[in-house]
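Visitor: The structure's right below; bear with me while I get my questions together.
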Amino acid sequence: DVYKRQLLYWAILVAYLALPSVSRSIFKSRQCESYDVDVFTGERRSYLVADLTVLCSADDDEYRGLDAYFWAFFALWPVLVPLAFLVLLLWIRSEVRAQRVRATARACRFLWRDYDPRFLFWEVVDLGRKLFLASLVLFIQTDDGSSKLLRLVVATVVSALYAAALALAKPFKRDDDLYLAC
């Protein structure tokens, strides 16, 4: 039983720590960089950043083949892992609120222990913010490559809205944590 609890704890911790970087790698399989091909005609072509031999075009067979892998890994990692955390937090919600923490709640304590019991799910909200800023922002203005200012503006607006929601909701038990998060 102790072995199962430790295994659950380490599985949740590894998934939590790896989520942003693995998600970023998955999204990089769709990130393209645009280059001038002909300065006189203004013709541009986009190539996959992860492999500059792959043309980012629906006409390119290799690029189309990567599309199926991208959507499979997108569903498995950046979508299902946060949903699994949400389900886990829903599962333990009553015992955390009643302050009768059992094995499963102890194994995922790092997901909820710093938050007020009313905001037990705030870590999932924060994971959504992290995933958006680290990965989903790559889908913004993809036509001209990855160096557009619009991505920075959208990321700044999302960060400001999150900071405002954080300041209004005050999900942390300790004020020090709230000030640090803001």
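Visitor: Residues of segment 30-47 being over 16 Å from PHE132 (Cα atoms) and either of a type in the set (S, T, N, Q) or surrounded by 14 or more Cβ atoms within 10 Å (Cβ to Cβ) (or both), which ones?
Guide: CYS32, GLU33, SER34, THR41, ARG45, SER46, TYR47
Visitor: A further question follows. Among what's in segment 53-70 and is hydroxyl-bearing (Ser, Thr, Tyr) and either in contact with a Phe, Trp or Tyr (Cβ under 7 Å, 6 or more places away or on another chain) or under 19 Å from PHE139 (Cβ atoms) (or both), pick the residue that is surrounded by the most Cβ atoms within 10 Å (Cβ to Cβ).
Guide: For segment 53-70, the residue satisfying everything is TYR63.
Visitor: Looking at the structure I just gave you, is PHE73 open to solvent by 70 Å² or more (accessible area, probe 1.4 Å), in contact (Cβ under 8 Å) with a residue 24 or more places away in the chain and touching a helix residue (DSSP H, G or I) at 6+ places or on another chain (Cβ under 6 Å)?
Guide: Yes, satisfied.
Visitor: Still on this structure: Given the conditions (1) in a loop (DSSP other than H, G, I, E, B); (2) loosely packed, with under 13 Cβ neighbours inside 10 Å, and given that ALA50 satisfies all but one, which numbered condition is not satisfied?
Guide: (2)
Visitor: What pairs come out if I take residues in segment 171-182 that are within 11 Å of ASP114 (Cα to Cα) and pair them with residues that are β-branched (Val, Ile, Thr) and surrounded by 14 or more Cβ atoms within 10 Å (Cβ to Cβ) whose C-beta lies under 9 Å away, six or more apart or interchain?
Guide: If the second residue must be β-branched (Val, Ile, Thr) and surrounded by 14 or more Cβ atoms within 10 Å (Cβ to Cβ), the pairs left are PRO171/VAL125.
Visitor: While we're here: Which pairs have Cβ atoms under 9 Å, sit 6 or more apart or on different chains, and link a residue in segment 6-19 that is in contact (Cβ under 8 Å) with a residue 12 or more places away in the chain and open to solvent by 60 Å² or more (accessible area, probe 1.4 Å) to one that is of a type in the set (Val, Ile, Thr) and assigned to a helix (DSSP H, G or I)?
Guide: Every condition considered, the pairs that remain are LEU8/THR104.
Visitor: Something else now. What pairs come out if I take residues in segment 135-152 that are surrounded by 15 or more Cβ atoms within 10 Å (Cβ to Cβ) and pair them with residues that are modelled with pLDDT under 60 whose C-beta lies under 9 Å away, six or more apart or interchain?
Guide: Here the result reads LEU138/SER146, each pair linking segment 135-152 to a residue that is modelled with pLDDT under 60.
Visitor: Restricting the search to segment 38-52, which residues are touching a residue at least 12 places away in the same chain (Cβ under 8 Å) and over 18 Å from LEU138 (Cα atoms)?
Guide: If the condition is that a residue be touching a residue at least 12 places away in the same chain (Cβ under 8 Å) and over 18 Å from LEU138 (Cα atoms), then ARG44 is the only one that fits.
Visitor: Kindly indicate the residue of segment 76-119 that is open to solvent by 40 Å² or more (accessible area, probe 1.4 Å) and among the hydroxyl-bearing types (Ser, Thr, Tyr) and also modelled with the highest pLDDT among those meeting that condition.
Guide: Filtering first and then ranking leaves SER94.
The values are calculated or read from the model by the stated rules, or taken from the named source; none is laboratory data. All of these numbers come straight from a predicted model, not from anything done at the bench. Note that we place each Cβ from the backbone using ideal geometry, even for glycine, and neighbour counts take in every protein chain shown. Protein only, heavy atoms only, side chains kept; ligands, DNA and RNA dropped before computing areas. Shrake-Rupley method; radii C 1.70, N 1.55, O 1.52, S 1.80 Å.
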